[in-house]
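See structure below.
The values are calculated or read from the model by the stated rules, or taken from the named source; none is laboratory data. These numbers come from a predicted model, not from an experiment. Note that we place each Cβ from the backbone using ideal geometry, even for glycine, and neighbour counts take in every protein chain shown. For the accessible areas, the whole protein counts, side chains as well, though only heavy atoms, and no ligand, DNA or RNA atoms are used. Shrake-Rupley method; radii C 1.70, N 1.55, O 1.52, S 1.80 Å.
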Amino acid sequence: MGTYRIAAIPGDGIGKEVIAAGCRALEQLANQKSDLKIEFETFPWGSDMYLETGEMMPADALETLRGFDAIYFGSAGDPRVPDHVSLWKLRLAICQGLDQYANIRPTKLLPGLASPLKTGTPATIDWFIVRENSEGEYSGAGGRVHQALSNEVGLDVSVITREGAERIQRFALEIARSRPRKKLTFVTKSNAQRHAMVLWDEVFEVVSTDYPDVQTDRVLVDAMAARFVTDPESIDTVVATNLHADVLSDLAAALSGSLGLAPTGNINPERNAPSMFEPIHGSAFDIMGHGSANPLGAIWSASLMLDHLGETDAASALFDAIERVTGEGSQLPRDLGGQAGTDEVTQAVCDAI
Ligand code: ATP
């Protein structure tokens with residue numbers, strides 16, 4: 001138990017609303033637990049700052065962040081700023097600069113909530129998607145030539161390195177080993193992408209032999225998308241490259257109820273820099289300022305953050321509070337079929353704590 005310094009970066013759109021909600025829930029938790037202290041410092045980085053200064057965050061931002069135990073992030077994205085600017089100059093700059101190479105995305109069907117799966121709600125959904133977060137299809141390698149001419153070319157090069165593949169695959173195998181079913185689905189697309197993806201496969205063939213107690217299977221990403229819908233209970237832990245896991249985890253979030261519910265962590269497993277926790281949804285400008293954003297994804301992300309900091313009891317207490325709110329059902333946000341606004345859902349979580 002201890003004192004933690006958290007850098008809060010609400011960012012854009014509803015990020016500001018849900019991070020305020022998450023901080024409120026964390027403060028309530030700290031009030032209940034005399035041996036847990038959380039100090040927030042909030043940074044006004046994001047698209048508003050970009051429109052004023054031309055930068056999404058200051059030049060020394062990474063150095064500043066290194067002084068914190070963890071980062072609590074809202075979202076980056078604003079209709080007035082090109083998406084590649086808002087993403088690469090803030091969120092991805094932090095993930096890459098602080099070597100947060102493992103992106104974790106737990107998905108659960110919470111009490112009281114229904115899944116939109118047509119075949120009816122499965123008895124359980126308990127998935128853990130591990131996303132490679134530093135290279136692959138989002139490596140940033142590539143370029144534009146002959147700009148604005150009719151023969152213009154744009155290239156994004158997918159980069160898989162032996163070291164990058166091995167470290168994320170080991171991370172995922174360790175997580176699979178720590179979960180009751182000890183099962184890992186390895187996602188690939190080496191039938192169509194015959195260089196980087198084949199290396200991705202070859203590394204897994206070697207690394208997985210160190211984990212004989214973990215049951216593994218290998219699935220092409222297109223088939224995997226179908227399996228999330230047709231056979232959800234066959235899935236436990238999943239590892240996939242940056243783009244593949246990005247798409248699969250939004251699908252997983254929607255199947256578990258709503259995008260507004262899903263949490264994620266960008267993890268630096270070596271712990272030589274802080275990790276960053278955020279809801280997976282974006283800035284959702286269509287509902288910004290309405291007071292209707294679902295704060296549960298941000299609050300669940302705060303629970304992942306506590307878990308990463310070693311505060312497992314506090315993490316469970318926060319997650320239990322979320323489950324009590326969904327199970328009880330009278331204070332559900334609109335995207336989960338209820339009527340409650342951000343403030344009321346947050347208050348319900350605080351009361352449950
Ligand atoms: P970005 O460009 O930043 O990714 P976006 O608006 O394109 O943002 P999301 O924010 O991920 O995409 O969400 C898509 C839609 O889902 C939103 O327009 C919104 O209607 C809904 N949504 C997302 N998050 C929430 C939430 N927390 N509460 C309620 N609805 C949400």
Leu248 passes all but one of (1) over 17 Å from Thr124 (Cβ atoms); (2) over 15 Å from the mean Cα position of the chain (by Cα); (3) touching a residue at least 24 places away in the same chain (Cβ under 8 Å); (4) within 16 Å of the ligand (Cβ to nearest atom); which number fails?
-> (2)
Pair list, Cβ under 7 Å, 6 or more apart: segment 75-93 residue farther than 18 Å from Ala61 by Cβ and free of Cβ contacts under 8 Å to residues at least 60 places away in the same chain, other residue within 12 Å of the ligand (Cβ to nearest atom) and not in a loop (DSSP other than H, G, I, E, B) = Arg80/Ser47
Can you tell me which of Ala253, Ala302 is over 24 Å from Arg218 (Cα atoms), among the small types (Gly, Ala, Ser), within 16 Å of the ligand (Cβ to nearest atom) and crowded, with 22+ Cβ neighbours inside 10 Å?
-> Ala302
Per the list (1) touching a helix residue (DSSP H, G or I) at 6+ places or on another chain (Cβ under 9 Å); (2) surrounded by 15 or more Cβ atoms within 10 Å (Cβ to Cβ), residue check on Pro116 breaks on (2)
Filter the strands (runs of 3 or more DSSP E) completely within segment 134-221 down to those with at least 3 residues that are in contact with a helix residue (DSSP H, G or I) (Cβ under 8 Å, 6 or more places away or on another chain) and in contact (Cβ under 8 Å) with a residue 24 or more places away in the chain.
-> 183-188, 215-220
Just give me the residues in segment 63-78 being under 22 Å from the mean Cα position of the chain (by Cα) and farther than 20 Å from Leu309 by Cβ, in sequence order.
-> Ser75, Ala76, Gly77, Asp78
How many of the residues in segment 228-237 are crowded, with 24+ Cβ neighbours inside 10 Å and either in a helix (DSSP H, G or I) or under 14 Å from the mean Cα position of the chain (by Cα) (or both)?
-> 0
Take the residues in segment 277-297 that are part of a loop (DSSP other than H, G, I, E, B) and more than 6 Å from the ligand (Cβ to nearest atom), then tell me which one is farthest from Ser258 (Cα to Cα).
-> Gly289
Would you check if Asp78 is among the acidic types (Asp, Glu), in contact with a Lys or Arg (Cβ under 8 Å, 6 or more places away or on another chain) and buried (at least 17 other Cβ atoms within 10 Å of the Cβ)?
-> no
Does any residue in segment 301-318 that is more than 17 Å from Ala102 (Cα to Cα) come within less than 7 Å, Cβ to Cβ, of a residue that is of a type in the set (D, E, K, R) and part of a helix (DSSP H, G or I) six or more places away or on a different chain, and which pairs are these?
-> Ala315/Asp307
Out of all the residues in segment 343-350, is one or more closer than 27 Å to Ala225 by Cα, in contact with a helix residue (DSSP H, G or I) (Cβ under 7 Å, 6 or more places away or on another chain) and in the same structural domain as Leu98 (by TED's automatic domain parsing)?
-> no
Based on what the data block shows, is Thr346 β-branched (Val, Ile, Thr), open to solvent by 10 Å² or more (accessible area, probe 1.4 Å), at pLDDT 95 or above and within 16 Å of the ligand (Cβ to nearest atom)?
-> no
Considering only residues of segment 305-333 that are under 29 Å from Asn272 (Cβ atoms) and among the charged types (D, E, K, R), which is least open to solvent (accessible area, probe 1.4 Å)?
-> Glu311
Restricting attention to segment 6-55, the residues that are within 15 Å of the ligand (Cβ to nearest atom), open to solvent by 40 Å² or more (accessible area, probe 1.4 Å) and among the charged types (D, E, K, R) number exactly 3
